[in-house]
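Contents: one structure, followed by commentary.
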Amino acid sequence: MMIQKYAVRLKRFGKSLQLRLFLILILVGILPIYIVKFGILRNYENQAAGQRAGLIVSRCQMISRQLIDSGYLNGAESPVIETELNQLGDLWSGRVVVLNRNFRILRDTFDIDEDKILIAEEVLKSFNGTPGYKYNHTERFLEVTVPVRLTEADNVEGLLIMSVPTDDIIDGKRELSSNILILQITLIVIMLVIAFYASRILARPFSKVTASLDERSAFLEEDISIPGYTETELLAEAYNRMRQRMRAQEESRQEFVSNVSHELKTPLTSMKVLSDSLVAQEDAPVELYREFMSDIAEEIDRENKIITDLLSLVKMDRKSADINIRETNINDLIALILKRLRPIAARQNVELVQENDRPVFAEVDETKLTLAITNLVENGIKYNKPDGWVHVSLNSDNSFFYVKVEDSGIGIPEESLPKIFERFYRVDKSHSREIGGTGLGLAITRSAVEMHHGAVRCYSREGEGTTFTIRIPLKYSPQEELTDE
Ligand SMILES: Nc1ncnc2c1ncn2[C@@H]1O[C@H](COP(=O)(O)OP(=O)(O)O)[C@@H](O)[C@H]1O
Ligand SMILES: [Mg+2]
């Protein structure tokens, strides 16, 4: 239990912005320390070697004159020179080699290579007049080659080659290194502390986001503001937008529930009034009973219709969950709808015309599309004038088919046009009620069309007539988002 909790926390920390900032800060802070340390040590070693070489060169140059004057380079014996050379070697506990003009080794204070010929790159270079040195870092020795001559202008008479161990330089370097290490550790500790706090401070606005969302998550009441970063500010803004959408949704849901209750209550109230008045009359005539009972039956029908419509709407609102797509002949579908509605149209003396179109096949949910078109044609009949007409036409292009339902009816006032698709909205409530409307028809139509990723539009002029058009893709694509022009 405990372990699990810590594991989760550790995993979270592993993915946190804070940890990332911390690591970056450490890297940025510590890397330079290492680079500087490396540079300092390298520099120290090279400088020490160069300095020593310089000392050796000047020492060698000091005995150059003696070497020439004593004729040592030409083979003359000289105890003085011998001592000088030995002293020179002892000074740095190194080895001194004297070379004559023919590259022959005249003297080796280590007595190893005497009489041998030595030809090497540095040797040749120094015979041209320039002293040189080679520092061997791994073998830890310094080799200095010095030309022997009287002045810069004179010829080079021979060479003095000196190789000295540089253990002391390495030792010095090591000492320096350990001094730096102390500094380094101190700096790293400081860096860690700075990185820890800085990363915490840098990541803090994000903790604030969580905190302020937690605080208000139960309520959708007020806007939040999380200044600190542009990112957190944007996050807050996005949250506020979402909150507004949710609130609008919540409000519309509440409104819907109260509308539903109201609509369902109306027929019940009528029935109650009718039955109460029958009960109240001592000896009501049978005719009155019959009349009131048929009124009550009408109210029951109405109640039934509202519930049926609500169920259709709810089913539709569940989006593509239970859509039943099949290749369908749309012409036949429309013909069937009109056939069913013809008796109602005849009662209103409204002419129903299916305009002849070329055949259209499309992938649709037959039941839902039938519901959508039926509602439009029904409206065309219901909100018509005596001797009016309703024309239904079908068209298609490469990707869509279009159903147009046109009527010669009473039309819709301009200010009502944006609202007619809302649930329970009716331009004239009492008129709609009279002719059996629930105010849900167009909401059902729109839901059905949107389930097919289509669109429905309405054009109307009050007193002249109304045209509804539906546009639906011929091929159904489940993933496609709802498109709105
Ligand atoms: N063809 C039409 N002509 C005139 N008004 C219409 C037409 N279609 C819809 N309306 C108006 O839009 C409202 C909403 O339509 P609808 O959702 O089908 O509800 P209902 O038909 O049940 O009243 C109707 O009450 C009516 O006022
Ligand atoms: Mg209707």
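Values quoted throughout were computed directly from the atomic coordinates according to the rules given, and no laboratory measurement underlies them. Keep in mind that what you see is a predicted model, and the values were worked out from it rather than measured. Virtual Cβ from ideal backbone geometry, glycine too; neighbours counted across all protein chains shown.
Asn349 sits among other residues whose Cβ lies under 10 Å from its own Cβ, and their net charge, with Lys and Arg +1 and Asp and Glu -1, is 0. In terms of packing, defined here as the mean over residues of other Cβ atoms within 10 angstrom, the peptides 229-241, 246-258 line up highest first as 229-241, 246-258.
Normalised Debye scattering of the range 63-120 at q = 0.13, 0.15, 0.21 Å⁻¹ gives log10 I(q)/I(0) of -0.30, -0.40, -0.80, counting only Cα atoms as equal scatterers and leaving out solvent. Partner aspartates and glutamates whose Cα lies under 17 Å from the Cα of Lys475, excluding those fewer than 8 positions away in the same chain, are identified as Glu327, Glu363, Asp365, Glu366, Asp397, Glu450. In a simple Cβ point-charge model (Lys, Arg +1; Asp, Glu -1; nothing else charged), the range 231-320 has a dipole of about 660 debye relative to its Cα centre.
In terms of packing, defined here as the mean over residues of other Cβ atoms within 10 angstrom, the peptides 322-332, 286-296, 437-447 line up highest first as 437-447, 322-332, 286-296. This ranking places Cys60, Cys458 by how few other beta-carbon atoms lie within 10 Å of each, fewest first, which gives Cys458, Cys60. Taking Cα atoms only, the orientation of helix 2-14 departs from the longest principal axis of the chain by about 70 degrees.
For Lys15, the lysines whose Cα falls under 23 Å of its own Cα, not counting residues fewer than eight places away in the same chain, are Lys5, Lys208.
On a 0 to 90° scale, report how tilted helix 441-451 is relative to the longest principal axis of the chain, with both axes built from alpha carbons and the result rounded to the nearest 10. Compared with the principal axis, the helix lies near 30 degrees.
Given a cut-off of under 8 Å on Cα pairs at least six residues apart, what relative contact order in percent is computed for the range 320-473? The normalised contact order for the range 320-473 reaches 24 percent. Bridges between two residues of the chain, per DSSP, are antiparallel at a rate of about 95%. Ordering 191-197, 421-427 by mean Cβ neighbour count within 10 Å, with the highest value first, yields 421-427, 191-197.
Under the criterion of Cα pairs below 8 Å and six or more residues apart, the relative contact order for the range 77-131 equals 21 percent. Taken over the C-alpha atoms, the chain has Rg and Dmax values of 51.7, 166 angstrom. Among Ile26, Ile119, Ile170, sorting on how many other beta-carbon atoms sit within 10 Å of each Cβ, with the fewest leading, yields Ile119, Ile170, Ile26. Going down the table (Lys265/Lys429; Lys305/Lys339; Lys272/Lys368; Lys11/Lys37; Lys125/Lys173; Lys272/Lys385), which pairs top 25 Å between alpha carbons? In this structure, Lys272/Lys368; Lys11/Lys37; Lys125/Lys173; Lys272/Lys385 lie more than 25 Å apart at Cα. Electrostatic tally near Glu422: other residues with Cβ closer than 10 Å to its Cβ, Lys and Arg +1, Asp and Glu -1, net +3. Each residue of the range 418-431 was assigned a 3J(HN,Hα) from its phi angle through the Karplus curve 6.51 cos²θ - 1.76 cosθ + 1.60 (θ = phi - 60°); the sequence is x, 9, 5, 8, 6, 5, 6, 7, 9, 5, 10, 4, 5, 4 Hz, with glycine and proline shown as x. Roughly what angle does helix 330-348 make with the longest principal axis of the chain, taking Cα atoms, 0 to 90 degrees, to the nearest 10? Helix 330-348 sits at roughly 40 degrees to that axis. Counting only Cβ charges, +1 for Lys and Arg and -1 for Asp and Glu, the dipole size of the chain around its Cα centre is about 860 debye. Determine, from the Cβ-Cβ distance of Lys305 and Glu355 and an R0 of 25 Å, the FRET efficiency 1/(1 + (r/R0)^6), rounded to the nearest 0.05. My answer for the efficiency is 0.25.
Within the shell defined by Cβ-Cβ distances under 13 Å, the residues around Thr370 carry a net charge of 0, with Lys and Arg each +1 and Asp and Glu each -1.
Taking a ≥ b ≥ c as the square roots of the Cα gyration tensor eigenvalues, with a/c under 1.5 meaning rounded and otherwise prolate when a/b beats b/c, else oblate, which class fits the range 320-473? Note, shape of the range 320-473 comes out prolate.
What is the range 1-218 by shape, rounded, prolate or oblate, if you read a ≥ b ≥ c off the alpha carbon gyration tensor as root eigenvalues and call it rounded for a/c under 1.5, prolate for a/b larger than b/c, and oblate otherwise? Prolate. Across the chain, Cα pairs under 8 Å and at least six residues apart give a relative contact order of 9 percent. A quarter of the convex hull surface defined by the alpha-carbon atoms of the range 1-121 gives 14.5 nm² as the mean projection.
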